[in-house]
Ligand SMILES: NC(=O)c1ccc[n+]([C@@H]2O[C@H](COP(=O)([O-])OP(=O)(O)OC[C@H]3O[C@@H](n4cnc5c(N)ncnc54)[C@H](OP(=O)(O)O)[C@@H]3O)[C@@H](O)[C@H]2O)c1
């Protein structure tokens, strides 16, 4: 690799904490950060899965540890910060990929918003928004002490426009877009330009949570899956690997003047009017 490109995009020696690293997209993005040279702490509630992802990164020649924890629990995030700083000295990158929704906070085709449980809505907004705010406060403070660090949040197409069925998830992800801009301004103006906060808004990727919504058991498209493909100029769902380039760029010196943005990685879904 030419030196100038290496210096722009290498993450060698950086320490990254990946919440939702036990999931489909977070796990792949963690592998991508490791390939760019970062050492990774894999965070999720499932200890075994965190160990498995960390082991797969080490088997590929990278550095990774499992750091199981719940992003809704401040004390667990403080323990995570202490574990990672004890292991590697500092935290350079936080990827907030923990999130998702539940069937109870989703409006099925034969129901309306008036049938939805408010308690379920609160839980999903909390998981997506507050589950990003808590790690950003706890680990962001550690970054602020060193005047350097990069936070990348995971948003969604739901944050931009109304997608049917998921009002709670949409509200949580819209909150993430706003929090991304707010935290970017807060950290850079009070602690210096070495602190940056951006987000990636993935388009539609097959994950464990949305598989049944998008694919039939025989892997053909559901009616909703077909509508999404018809509205995606690329004509396909995303592959988790498609997120790696944008993530490495946002975390690298190549994006040193990029702050408070939400990058769509969506095959053109958000740009397309449908006509
Ligand atoms: N798939 C898509 O098309 C798509 C599109 C746009 C955005 N996204 C977003 O991308 C992210 C990853 O989604 P995915 O499709 O990869 O789903 P996934 O495989 O279900 O991953 C969700 C991750 O969130 C973690 N998580 C959930 N609650 C948590 C908690 N309280 N504390 C710690 N971790 C928690 C899960 O880990 P544990 O179960 O181990 O706790 C899991 O690692 C989510 O934020 C999702 O909203 C996905």
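Note on the range 123-275: Rg/Rh from C-alpha atoms, Kirkwood Rh, equals 1.01. Over the chain, DSSP H runs of length four or greater, each weighted -39,500 (n - 2.57), average out per residue to a 222 nm ellipticity of -13000 deg cm²/dmol. Remark: the range 154-234 is approximated by an ellipsoid whose semi-axes, taken from the C-alpha gyration tensor as √(5λ), come to 33, 12, 10 Å, largest first.
Give the angle, between 0 and 90 degrees and rounded to the nearest 10, that separates the Cα long axis of helix 47-59 from the longest principal axis of the Cα atoms of the chain. Long axis of 47-59 versus the principal axis of the chain: about 60 degrees. As a size descriptor, the averaged projected area of the C-alpha convex hull of the chain was calculated at 15.4 nm². Rounded to the nearest 0.05, the FRET efficiency derived from the C-beta distance between residue 270 and residue 115 at R0 = 41 Å is 0.90.
Rank the residues 262, 17 as a footprinting-exposure proxy: fewest other Cβ atoms within 10 Å of their Cβ go first. Write out the running numbers ahead of the final one.
Numbers: 262 20, 17 29.
Ascending Cβ contact count within 10 Å gives the list 262, 17.
Of 197, 185, 124, the sequence from fewest to most neighbouring Cβ atoms within 10 angstrom is 185, 124, 197.
Ranked highest first by average number of other Cβ atoms within 10 Å, how do 198-209, 100-111 line up? Spell out each step's value before the answer.
On the way: 198-209: 20.2, 100-111: 14.7.
Highest-to-lowest ranking by the protection proxy: 198-209, 100-111.
Just how far, in whole angstrom, is the range 74-137 from the range 168-237 if you go by their alpha carbon centroids? For the range 168-237 versus the range 74-137, the Cα centre distance is 14 Å.
Computed over every Cα-Cα pair of the range 25-179 and binned at 5 Å starting from 0, the pair-distance distribution P(r) comes out as 2, 10, 17, 19, 18, 14, 10, 6, 3, 1, 0 percent.
Remark: spin-label model distance residue 230-residue 249 equals 3.1 nm, labels positioned 7 Å along the Cα→Cβ axis.
Given their separation in residues at 0.36 nm each and the Cα-Cα distance between them, residue 208 and residue 45 gain 57.1 nm when the chain is fully extended.
Where a number appears in this text, it was derived from the coordinates with a stated rule and is not lab data. Computed from a prediction, not measured in an experiment: that's the story for all the values here. Reconstructed Cβ throughout: ideal geometry from the backbone, glycine too, with neighbour counts over all protein chains shown.
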